[in-house]
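A short reminder: the numbers here are calculations on the coordinates, not readings from a lab. Worth saying up front: this structure is predicted, and the values here are computed from it rather than measured. Because the Cβ atoms are built from the backbone with ideal geometry, glycine has one as well, and the counts that use them run over all protein chains shown.
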Amino acid sequence: MAKFASSKRQSRQTAPHPVRVLYVTSEIAPLIKTGGLADVSASLPPALREMGVDVRVLVPGYDSALSGLRYKRKLAAIVLPHFPPATLLSARLPSGVPLLTIACPPLFQRSGGPYQDGQGADWPDNALRFGFLSRVAALLAGEESPLSWRPNIVHGNDWQCGLIPAYLQLTDAGASSASARTLFTVHNLAFQGIFPPSSVAELGLPAASFAIDGLEFHGNMSFLKAGLFYADGINTVSPTYASEIQTEALGFGMQGLLKSRAGVLWGILNGIDDETWDPARDPLIPQRYTALTLEDKAANKLALQNRLGLAADAQIPLLGVVSRITHQKGLDLLIEMAARLVATPAQIAILGSGDAELQKSLDDLARRQPDRIAVSHEFDEALAHLIEAGSDMFLMPSRFEPCGLNQMYSQRYGTPPVVRATGGLADSVVDCDGAMANDSDRPTGFVFRDATDADFLAAVIRAIAAWRDKPLWREIQRNGMGRDFSWKASARQYLETYRLLLDKHWKD
Ligand code: ADP
């Protein structure tokens, strides 16, 4: 895995290129959100802009994106072979960052989610939809662009943007765009954008690219593999995950390719939007508080218990979860252990949706003990904030976690997380035990090693014991609240990476 050069060496090695970034994403808060990518897309570009980077964001023109934007301006008609005609619009994000969006009703304007219909089935034309997003990004980087502004970095995220470097390298789109370099960020390697081989021709890509050294992945084409193979640089959203994806256990079949590209593979821990997620200013919680007024947090616990119909009891520890309900997130471990946990005693508040069977198991548990376990499957931003503020501790028993945001939110809210030592969880939570921490790290939560019932249960029991020791608990809470999870440090690393990619002498 590539390491960041020290900033001193860096400044001697690289020319001060003006950096112009086209940041391409399939979701962005508050316009469209299914998970952490939306939060990252909303907060990394403004952090870069503050550092002087000329960054513009490109998103598909979903209904919610178009209706959520005021003062849209029509920039150009887009007519490309293989795709329906579209219009490029410009607007501004709430953060002030310029936004480009692709209005194309047949591809993007429909009711349902960005990737799936209302029943949870993938849209059948996803290859065309996100192929188009990638193709338009490549157009904007090349000489045929209808805009006078030309990026020198095209930064794509996840499989939906995987074809950007493929279009730039393999088609006319990139013929005269030698100066645009590509960075491809993997937020989750498990989502691979797999489509039948016929998609290669349908999307206007050369037949020869359907090969092991190209787009092919076990007989199909993979957008994710295209990104990993053709991008000039790759990064994932935490240093630990960048190492883990080079192993068979977490490489999802891409580990060989990733290992071969280790020289241009970085791990950059996500930051968080520390204005939206700030207990001192949060308009979505009934009682605001700081590290100095932690006793006020109790009012949020009571509000959470009342809202979810849990017994209103300050003396019982309340464990919070906000998560996709999936095997990846270890929700099956929670289901296995829930009865034993609540018997300790404890309460559990869960917000999230996902796997139907796991959801049903959670619903059954809540039905049996409604005063101890509450579950909501809505997508509810306000309840997510209330769970962060009102819970005593936060659970994330993930099997793998590229970065994870909630463990950072929860530290900021004085709600120490109990997490498995994987990916970004391992990189952002310091265990209370000290065994996993070095001397300079102050404990901020509870970390367990194996994704087993026993390890998970032991960690929660350890956390509950610490919660009963009020002075110790206050210390852990304040340590977490004092951590700097802002985007500043991460944005600096992204800028360093862009500069490295722009450096003419840079070699893979
Ligand atoms: P992932 O992107 O893998 O789902 P992250 O922890 O990186 O996980 O980010 C999840 C984001 O989505 C967080 O901001 C979390 O609060 C939010 N979230 C997940 N499910 C819900 C839900 N049901 N309601 C509100 N917010 C949710």
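Net charge dipole, the chain: roughly 1300 debye, given to the nearest 20, about the Cα centre with Cβ charges of +1 for Lys and Arg and -1 for Asp and Glu.
Of V460, V154, V342, the sequence from fewest to most neighbouring Cβ atoms within 10 angstrom is V342, V460, V154. Peptides 465-473, 441-449 ordered by packing proxy, namely the average of other Cβ atoms within 10 Å per residue, highest first: 441-449, 465-473.
Relative to the dominant Cα principal axis of the chain, helix 126-141 is inclined by about 60°.
Over the residues of the chain, the helix contribution to mean residue ellipticity at 222 nm works out to -10500 deg cm²/dmol, using -39500 (n - 2.57) for each DSSP H run of at least 4.
With 22 Å as the limit, write out which pairs from K297/K470; K3/K488; K329/K470; K3/K329; K74/K488; K33/K329 have Cα-Cα distances beyond it, or answer none. Long pairs (Cα-Cα over 22 Å): K329/K470; K3/K329; K74/K488.
Along the stretch 266-278 the Karplus relation, 6.51 cos²θ - 1.76 cosθ + 1.60 evaluated at θ = phi - 60°, assigns HN-Hα couplings of 10, x, 10, 5, 4, x, 10, 7, 7, 8, 5, 10, 9 Hz to successive residues, with x for each Gly and Pro. Relative to the longest principal axis of the Cα atoms of the chain, the long axis of helix 453-468 lies at roughly 60 degrees. With the largest listed first and rounded to whole Å, the semi-axes of the equivalent ellipsoid of the stretch 294-484 from the Cα gyration tensor are 23, 19, 15. Computed from Cα positions, the angle between helix 487-502 and the longest principal axis of the chain comes to roughly 20 degrees. In this Cβ point-charge picture (+1 for Lys and Arg, -1 for Asp and Glu), the stretch 413-503 has a dipole of about 400 debye about its Cα centre. With the highest mean first, a sort of the peptides 240-247, 256-263 on other beta-carbon atoms found within 10 angstrom per residue produces 240-247, 256-263.
Kirkwood radius and radius of gyration were both taken over the C-alpha atoms of the chain, and their ratio Rg/Rh is 0.97.
Ranked by the mean number of other Cβ atoms within 10 Å of their residues, highest first, the peptides 188-196, 64-72, 345-353, 37-45 fall in the order 37-45, 345-353, 188-196, 64-72. Computed from label points 7 Å out along Cα-Cβ, the spacing between A458 and R110 is 4.9 nm. Can you classify the stretch 99-253 as rounded, prolate or oblate using the Cα gyration tensor, where a ≥ b ≥ c are the square roots of its eigenvalues, rounded means a/c under 1.5, and otherwise it's prolate if a/b beats b/c and oblate if not? Judged from the Cα gyration tensor, the stretch 99-253 comes out rounded (a/c under 1.5).
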